[in-house]
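The values are calculated or read from the model by the stated rules, or taken from the named source; none is laboratory data. Keep in mind it's a predicted model, so treat the numbers as computed, not measured. Cβ sites come from the backbone with ideal geometry, for glycine too, and all protein chains shown count toward neighbours.
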Amino acid sequence: MPPRIDLSKCNGCEGRSESFCEEACPGNLMAVDPKTGQSFCRSTRDCWDCMSCVKACPRNAIETRIPYQLGYHKATLKPIMGKNSITWKCTDIHGKEMVYKYRNRLDR
Ligand code: SF4
Ligand code: SF4
């Protein structure tokens, strides 16, 4: 499922020539609309749910809807990047949240 942008959080990465989500998408699918100053996915059918844009957004403005075959309509999965960890927040169709936190970097 394509990324879903929370327009109350997205500020278009103000001040950057290229937004973090644009920079992160390997398919060059994310863009900032010059009219609204907010991001959107320009070809949702080409999105393969890699979640790079979701992880890259510093404002936690992007979430991924879980395909209905896996989680039914409205279930979401959101990675929240920490310094040395990633926290996965999964919300099921009833709004119940499950949170999993994993270390993804070693302290040096
Ligand atoms: S990275 Fe986040 S805040 Fe920046 S343009 Fe994309 S969705 Fe908006
Ligand atoms: S989930 Fe991956 S492929 Fe889809 S828009 Fe985001 S970065 Fe691009």
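Strands (runs of 3 or more DSSP E) fully within region 31-91 that include at least 3 residues being closer than 13 Å to D6 by Cβ, polar (S, T, N, Q) and within 13 Å of ligand 1 (Cβ to nearest atom): none found. Kindly establish whether G37 is surrounded by 12 or more Cβ atoms within 10 Å (Cβ to Cβ), in contact with a helix residue (DSSP H, G or I) (Cβ under 7 Å, 6 or more places away or on another chain) and more than 13 Å from I62 (Cα to Cα). When the stated conditions are applied, G37 does not pass them.
The listed residues are M81, M30, and the only one of them that is near ligand 2 (Cβ under 9 Å from one of its atoms) and either surrounded by 14 or more Cβ atoms within 10 Å (Cβ to Cβ) or without any contact (Cβ under 8 Å) to a residue 40 or more places away in the chain (or both) turns out to be M30. If you go through region 46-77 and keep only what is modelled with pLDDT of 90 or more and of a type in the set (K, R), you end up with K55, R59.
Scanning region 85-103 for residues that are over 16 Å from C57 (Cα atoms) and either surrounded by 12 or more Cβ atoms within 10 Å (Cβ to Cβ) or in contact with a Phe, Trp or Tyr (Cβ under 9 Å, 6 or more places away or on another chain) (or both) gives C90, T91, D92, I93, M98, V99, Y100, K101, Y102. Any idea which residue in region 21-30 is farthest from the chain's Cα centre (by Cα), counting only those that are hydrophobic (A, V, I, L, M, F, W, C) and outside any helix (DSSP H, G or I)? Residue satisfying both the conditions and the ranking: L29.
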